[in-house]
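Asker: Sharing a structure here in structure tokens format.
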Amino acid sequence: MTDEASETANDTTANEDLHGAVIAGVIPDQPPRVIKEAARYAKLFHAPLVIVHVDVTRFVTYEDPDGYVHSAPIDLNIAAGEGDLSKVQDAAASVLSESAIEWTVRQLVGDPAMAIKHFADQIDARLLVVGTRKRGIGESIREFFTGSVGARLAHRQQRPILVVPLGEPVADDEDIWPD
């Protein structure tokens, strides 16, 4: 087990060690099912597991030829992104503490679908694992403007994607997105 942020000087070397990994896109306070399913597939594939959190409060300004990513905050309160990474690291450690698989946590920046796609290309990931979003009007509005991360990944890269249902299933006769 290792815990690293994505902007370290040794990322190129570390990325080589992650070749063929399973990537799990995780957000703070998400049910542990996404990490558990990703770990299960990493074990089946005999591959490392990379838990990624995408800090949407920062954006990529430019990338050096060696792969080092320079980013800047959208606003000056960068503590929020650091706190989110800490929550994701704690969740991963809690879920994977008894696991024998090799795993690490990385923080990416920018648009979640594009950041995960770019990282998956860098390490030639074997599988991408994401969770469904919460139901509710706020999330419906957010998805209207930004789209589903799983759907956007499905249309922008060639790797298989596992979308893990979170929460209770909706009955067949119930409206999926109630007002």
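Computed from the coordinates by the stated procedures, all read-outs in this text should not be read as laboratory data. Bear in mind the structure is a predicted one, so any value in this text is a computation, not a measurement.
Asker: Under a 5 Å amide H to amide H cut-off, with H placed in plane at 1.01 Å, what residues pair with Q30 once short-range neighbours are removed?
Answerer: Placed amide hydrogens put nothing under 5 Å from Q30.
Asker: Amide H neighbours of G131 under 5 Å, counting only residues 5+ apart in sequence or on other chains, H built in-plane at 1.01 Å?
Answerer: V164
Asker: Right, another one. Using the Karplus equation 6.51 cos²θ - 1.76 cosθ + 1.60 (θ = phi - 60°), what ³J(HN,Hα) coupling, rounded to whole Hz, does each residue of the range 116-129 give in order, writing x for Gly and Pro?
Answerer: Computed from phi, the couplings for the range 116-129 are 5, 4, 4, 5, 4, 5, 4, 9, 6, 4, 8, 7, 10, 10 Hz.
Asker: Step through the residues of the range 83-88 one at a time and calculate ³J(HN,Hα) from phi using the Karplus curve (6.51 cos²θ - 1.76 cosθ + 1.60, θ = phi - 60°), rounding each to whole Hz and writing x for Gly and Pro.
Answerer: The phi angles translate into x, 5, 4, 4, 5, 5 Hz.
Asker: Non-local amide H neighbours of W103 (under 5 Å, H modeled in plane, Pro and chain starts lacking H): which ones?
Answerer: T2, L49
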